[in-house]
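The values are calculated or read from the model by the stated rules, or taken from the named source; none is laboratory data. Keep in mind it's a predicted model, so treat the numbers as computed, not measured. Heads up, the Cβs are rebuilt from the backbone with ideal geometry, glycines too, and the neighbour counts pull from every protein chain shown. Only protein heavy atoms, including side chains, enter the accessible area calculation; ligands, DNA and RNA are left aside. Shrake-Rupley method; radii C 1.70, N 1.55, O 1.52, S 1.80 Å.
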Amino acid sequence: MAGLTRRGLLGLAGGAAVAGLAGCGRNSGAPAADGSASLIFAWWGNDLRNAQTGQAVELYLRQHPGLAVEQQPAEFSAYWERLATQTAGNDAPDLIQMADGFVGDYGSKGALLDLADLVDVTKFGPGTLDSGRVDGKLVGINAGINTPVIMARPDVLEQAKIELPDDQTWTWDEYRELAAEVTAKSRDGIFGTASPFGDKAMQAWLRQHGADLFTPEGRLAFTATDLESYFALMIDFMKAKAIPPAEVVIEDGSKSLEQSTLVEGRTAFMISWSNQLAATTKAAGSEIAMLRLPSVTGKAADLKAWYHPSMMWSASSRTKHPEEVAALIDWWVNSVECASICLDERGYPANTEVAAAIESKLTPEGRRVAEFIADLESALGGTPPSPPPGGGTILGDVLARAHSDVLFGKISGQEAAARFATESEGALG
């Protein structure tokens, strides 16, 4: 994010929600000149998403001639800065593309509309809905699902004369051993895996040990003791040379996907999100295999996987047209017409009937992701709650600092676990 950290964005989001509800200003969604509803629709995205969204809006407007929709696309960091400013001025868009790391900040301050009785979610798949609940209200509707995966480069493995692992049975220890073997059997500068350690791996590790990141009440669902084995695993990967040196790991974390070590062929594995398969394949110019995360036991039933909302649809609590904006969200998530335009660009549809209807229209990578997500259902654990206010800071700056200090040997794994738990409690307030 150019010029602005995740922590800064989250702080801006929370502060804006407070300011917006406390002050005065023009509400969004002013009536159109002819008395019909006029909505503001904001999202972040790329050229493809912008084009698809515009086509879908045009179709919806042809079906609803009394409605006007002002489209406000933006790049990611600019989007959140603008949304914070709009919310502070009581001028938030009617329809808001929301992220799970931000929904707690906006939702807990009353900036988002409760959509529970306004949008039909009866055909959503298991584990795809609860991430949008904040304080008992459904303020985020899943726009598409993905799940954490390991991306792998078969060509790098082949050069090291190593086969792809059986992702139904592999463990974290086997992942470390395999990655270390790739490093040992490859030319200088090639390592087994980009560092898998981040919020996705930490959450998976905690869930496989009977804990999690957050509780439904917005508190920590782990202790320092729970995390000691996680940081010990990280140190084991370092000692085995399964991951690159600390300076390479830190540098890689600040680069774009196109500049990542996996895409450049300098590692064989990388943890990612399933909906990034097409982009990773295109950037690498090579076949990319997609694997389940490892488990502690090697049993698929113990994977404790989860479906993650790639993004959500929310509505401003101050909209003058709650029924109209909810109807647009309902159409977006439940209409085959809309899905036929947008396909899986925002993630695989949460509505199972819609997902089935567009499957034949997906790209080869899209069909692989759809099959992967469907096959994962038997290995799902419970749906994790979205990060509460302050959660983004924990998974951003607090976690990054702990990883960096362990990588560079500044603190032990036990010290990292204790400090992370303490700082996380402080971030939640």
* Structure fact -> Full extension between LYS320 and LEU61 adds, at 0.36 nm per residue less the Cα distance, a length in nm of 91.4 nm
* **Mean ellipticity per residue at 222 nm, deg cm²/dmol - from DSSP H runs of n ≥ 4 across the chain, formula -39500 (n - 2.57)** => -13000 deg cm²/dmol
* **Surrounding net charge for SER295, when Lys and Arg each add one and Asp and Glu each subtract one, Cβ distance under 11 Å** => 0
* Dipole of segment 200-306 [Lys/Arg +1, Asp/Glu -1 at C-beta], most positive-end residue of SER256, ALA240, ALA211 -> ALA211
* **Shape category assigned to segment 388-429 from the gyration tensor of Cα positions, a/c cut at 1.5** => oblate
* Asked: With the contact rule set at Cα under 8 Å and sequence spacing of 6 or more, what percent relative contact order holds for segment 96-246?
  -> 18
* Value of Rg to Rh for segment 148-204 (Rh from inverse mean 1/r over Cα pairs, i.e. Kirkwood) -> 0.96
* Structure fact -> Probe 1.4 Å, all chains present, heavy atoms only: LEU407 accessible area in Å², nearest 10, is 20
* For the chain, with every protein chain kept in place, what is the accessible area per residue (1.4 Å probe, Å²)? -> 40
* **Highest to lowest packing among 50-58, 237-245, scored as the average C-beta count within 10 Å** => 237-245, 50-58
* To do: Measure off, as a whole percent, the carbon and sulfur share of the 1.4 Å-probe accessible area of the chain, all protein chains present.
  => 50
* Mean shadow of segment 125-239, computed from the convex hull of its alpha carbons, in nm²? -> 9.4
* Asked: Extension gain LYS299-THR122, at 0.36 nm per residue separation less the Cα-Cα distance, in nm?
  -> 60.6 nm
* Asked: What net charge is computed for the residues neighbouring GLY110, neighbours being all others with C-beta under 15 Å from the C-beta of GLY110, Lys and Arg scored +1, Asp and Glu -1?
  -> +1
* Structure fact -> Taking a ≥ b ≥ c as the square roots of the eigenvalues of the Cα gyration tensor, with a/c under 1.5 meaning rounded and otherwise prolate when a/b exceeds b/c and oblate if not, segment 239-314 is oblate
* Structure fact -> segment 283-334 and segment 145-209 have their Cα centres apart by a whole-number Å value of 23
* With the Cα gyration tensor of the chain in hand, convert its eigenvalues to equivalent ellipsoid semi-axes via √(5λ) and list them largest first in whole Å. => 37, 25, 19
* Scattering from the C-alpha atoms of segment 253-356 alone, worked out with Debye: what is log10 I(q)/I(0) at q = 0.10, 0.11, 0.13 1/Å? -> -0.46, -0.54, -0.71
* Asked: Largest first, how would SER360, SER260 line up by accessible area (1.4 Å probe)?
  -> SER360, SER260
* Asked: Based on the Kirkwood radius over alpha-carbon pairs, what is the Stokes-Einstein translational diffusion coefficient of segment 300-415 at 25 °C with 0.890 mPa s viscosity, in µm²/s?
  -> 139
* GLU425 paired with ALA356, simple spin-label distance in nm, labels 7 Å along Cα-to-beta-carbon -> 4.9
* Structure fact -> Nearest 10, in degrees from 0 to 90: the angle of helix 224-239 to the longest Cα principal axis of the chain is 60
* Largest to smallest accessible area among SER256, SER404 [probe 1.4 Å] -> SER256, SER404
* Cα-based reach from LYS241 at 24 Å (exclusive), listing lysines while leaving out same-chain residues under 8 positions away -> LYS161, LYS185, LYS200, LYS255, LYS410
* Give the angle, between 0 and 90 degrees and rounded to the nearest 10, that separates the Cα long axis of helix 6-22 from the longest principal axis of the Cα atoms of the chain. => 20
* To do: Pull up the DSSP beta bridges for the chain and report the antiparallel fraction as a percent, rounded to 5.
  => 65
* How do 370-382, 279-291 rank on mean C-beta neighbours within 10 Å, highest first? -> 279-291, 370-382
* Structure fact -> Under 5 Å from the placed amide H of ILE145, counting only residues 5+ away or on other chains, we find SER310, TYR348, ALA350
* Return the single residue from ASP302, ASP166, ASP91 with maximal mean-square fluctuation; model: Gaussian network over the chain, springs between Cα atoms under 10 Å. => ASP166
* Structure fact -> To the nearest 10 degrees, the tilt of helix 76-88 (Cα long axis) against the first principal axis of the alpha carbons of the chain is 40
* Cα-projected label distance for GLU287 with THR215, points at 7 Å along beta-carbon direction, nm -> 4.8
